[in-house]
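Have a look at the structure below before the remarks.
The values are calculated or read from the model by the stated rules, or taken from the named source; none is laboratory data. This one's a predicted model, so the numbers in the text were calculated from it and none came from an experiment. Note that we place each Cβ from the backbone using ideal geometry, even for glycine, and neighbour counts take in every protein chain shown.
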């Protein structure tokens, strides 16, 4: 038998022996994967060899769903705008702040841009100023546009 939930018309059946659920026979889900039902422990043990691989895979999927659904969400600013991956924490060690576009760019995207010969901003492609005074003027202009 397959390890997909077996349904006979509107009644569920035991994955091992095919016994149909009724008022007398109560089927119980496999506790790990909840894919199949069994009429008893004996049927569950007998079906284990055929069910083991699918059970482990589905149990892992259920665990992933549980873990992903409970996690805290990071703010959008914690993601690189180029590769859209979360910047590892602590962010100041794994990214650069670009004053021209006010974005945090991850080290990987910045390095990839430099390898391609792009020494300006990898996000907005604004030429980087040659000195600190020009950089400060760029930041002030950007702040004025934001206000």
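Residue 84 satisfies every condition listed in (1) over 20 Å from the mean Cα position of the chain (by Cα); (2) outside any helix (DSSP H, G or I) except (1). Condition check for residue 37 on (1) at pLDDT below 90; (2) surrounded by 11 or more Cβ atoms within 10 Å (Cβ to Cβ): one failure, at (1). Hey, does the range 5-27 have a residue that's surrounded by 13 or more Cβ atoms within 10 Å (Cβ to Cβ), within 30 Å of residue 130 (Cα to Cα) and at pLDDT 85 or above? No, the conditions are met nowhere in the range 5-27. In the range 32-72, the residue that is farthest from residue 12 (Cα to Cα) out of those that are in a loop (DSSP other than H, G, I, E, B) and touching a helix residue (DSSP H, G or I) at 6+ places or on another chain (Cβ under 9 Å) is 32. Of the residues examined, residue 127 is not one that is modelled with pLDDT of 90 or more, closer than 26 Å to residue 141 by Cβ and either part of a strand (DSSP E or B) or assigned by TED's automatic domain parsing to the domain that holds residue 139 (or both). For the range 87-103, a tally of residues being surrounded by 11 or more Cβ atoms within 10 Å (Cβ to Cβ) and either at pLDDT 90 or above or not in a strand (DSSP E or B) (or both) returns 9.
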